[in-house]
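Here is the structure we will look at, set down as structure tokens.
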Amino acid sequence: MPKITIAFVGLGGIASQAHLPAIKELGFNVDLCVDVDEYKVKSFIEKTGCKGYSDYREMLKNENPDVVLVATPNAFHARIAIDALENGAHVYIEKPMSVSSEEALKIVETMRSRDRFAVVGHNGRFDYRSSTAAKFIHRGNIGRIYYARGFILRQRGIPPAPTFIKRDLAKGGAVYDIASHAVDMLLYLSGYPKPVGVKGFVYRAFGERIEEFGMNYPQPPQPGMVSEVEDFGSAYISFENNITMYVEVSWASYVKENRMEYVILGDRGGIQIDNSGLSYMTSVEREFLIATPPSIPHVNSHKEAWRRFLTAIERND
Ligand SMILES: NC(=O)c1ccc[n+]([C@@H]2O[C@H](COP(=O)([O-])OP(=O)(O)OC[C@H]3O[C@@H](n4cnc5c(N)ncnc54)[C@H](O)[C@@H]3O)[C@@H](O)[C@H]2O)c1
């Protein structure tokens, strides 16, 4: 198998803190690195020895990479992914996959017509709790699924960076940032039922108060910062076979505690994933039983996502 050439487009927080360590642990390196910010390119060259570019189109034309990571602000995901697929690369697109369903469908169409892989950075599904729950549910242990819900609720968690809070770059706020993870998780756990309808609401309650409601990623909030996008979103989604899902996310809200929770209900059992772990509820004869694993091994979900992606490319399956 010839060496796989990997290009990173967008060299910010997630590329340097999650993707670079993940591929390095798997024995790969970044060969080509692209960012519109020259300083970031320079620092990546120093760190990895990659060949640097400031324009991804020039990089694609000159280098023909095998794999392209798209880790830019959301607004550019689809354009870069489609250009990379058309140039013959497999793509790993950070979430959200795109900022419209038209763009998403175009990515899928291009991936199919070029016979390439395109994966989206929904790495949460490779977490031990999620992958264990999925195996368990998919073996039929909770019976017929009728309802699922997902919460990702933060008290003070607006990410204070233009990538997330400027409308022209992010296109949306908490919904694109964290509901994308929540919806993917619920669909994955419940076996991808077919959606038939959705009703959703978004609110921007704390956009002028980032100094108070901002988090520390990628750096502390700066005085005068304003978020132009929503910080709360909720939606009811209905599916074929009378399944419904409810999703609620907030970057900031007056909730009692930060909360991450996924619940999948079936007629033979239920699954709950939350900050404290994974629980399975069922009946044994007529007794209500709650079972939990004795420990939750740490899995680097970004590394697991890359391992599966690169293995699929190497095996071409
Ligand atoms: N999977 C996860 O859990 C997770 C976590 C954080 C971020 N993300 C996603 O990753 C993406 C990037 O987030 P981040 O935290 O790294 O943001 P960031 O602002 O730290 O980095 C984005 C980088 O893209 C560069 N860039 C902008 N336009 C470009 C272009 N046209 N070509 C090349 N580079 C360009 C910027 O200069 C910047 O260095 C976002 O879409 C975000 O939703 C995913």
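Restricting the trypsin sites (Lys or Arg not before Pro) of region 99-164 to loop positions (DSSP other than H, G, I, E, B) with no more than 12 neighbouring Cβ atoms within 10 Å leaves Arg139, Arg144. Along the chain, the exposed loop sites are GluC sites (Glu not before Pro) outside DSSP states H, G, I, E and B with at most 11 other Cβ atoms within 10 Å, and the longest stretch free of them is 1-256.
Listed by chain and number, the aspartates and glutamates placed with their C-alpha closer than 16 angstrom to that of Lys24 are Glu46, Glu304; residues fewer than eight positions away on the same chain are left out.
On the principal axes of its alpha-carbon atoms, region 69-202 has extents of 44, 41, 30 Å, going from largest to smallest. When the inverse distances between all different Cα atoms of the chain are averaged and flipped, the Kirkwood radius reads 20.8 angstrom.
In the context of the full set of protein chains, residues of the chain present 51 Å² of accessible surface per residue (probe radius 1.4 Å, heavy atoms only). Only protein heavy atoms count here; under a 1.4 Å probe, Tyr280 has an accessible surface of about 40 Å².
Which order do Thr292, Thr48, Thr163 take when ranked by solvent-accessible area (1.4 Å probe, heavy atoms of all protein chains), largest first? Show your work: numbers first, answer last.
Numbers: Thr292 90, Thr48 20, Thr163 45 Å².
Listed by decreasing accessible area, they come as Thr292, Thr163, Thr48.
Leaving ligands, DNA and RNA out of it, report the carbon-plus-sulfur percent of the accessible area of region 128-291 at a 1.4 Å probe. All intermediate terms of the calculation are to be shown ahead of the outcome.
Working: 4520 of 8540 Å².
Carbon-and-sulfur percentage of accessible area, whole number: 53.
Ser283 contributes about 70 Å² of solvent-accessible surface, heavy atoms of the protein only, 1.4 Å probe.
Please work out the Kirkwood hydrodynamic radius for region 128-291, using every pair of different C-alpha atoms, and report it in angstroms with one decimal place. Write out the running numbers ahead of the final one.
Details: mean 1/r = 0.0591 Å⁻¹.
Result for region 128-291, one decimal place: 16.9 Å.
For region 92-217, the relative contact order comes to 32 percent (Cα pairs under 8 Å, sequence separation of at least 6). With the chain treated as a Gaussian network of Cα nodes joined by springs under 10 Å, which of Phe288, Phe232, Phe201 yields the largest mean-square fluctuation? Answer for the Gaussian network model of the chain: Phe288. Can you tell me the orientation of helix 101-114 relative to the chain, as the angle in degrees between its alpha-carbon axis and the longest Cα principal axis, to the nearest 10? Computed tilt is about 60 degrees.
The values are calculated or read from the model by the stated rules, or taken from the named source; none is laboratory data. Given the structure is predicted, the values throughout are model-derived calculations rather than measurements. For neighbour counting, all protein chains shown are included, and Cβ atoms are generated from backbone atoms with ideal geometry for every residue, glycine included. Heads up: the accessible areas ignore ligands, DNA and RNA and are worked out on the full protein's heavy atoms, side chains in. Shrake-Rupley method; radii C 1.70, N 1.55, O 1.52, S 1.80 Å.
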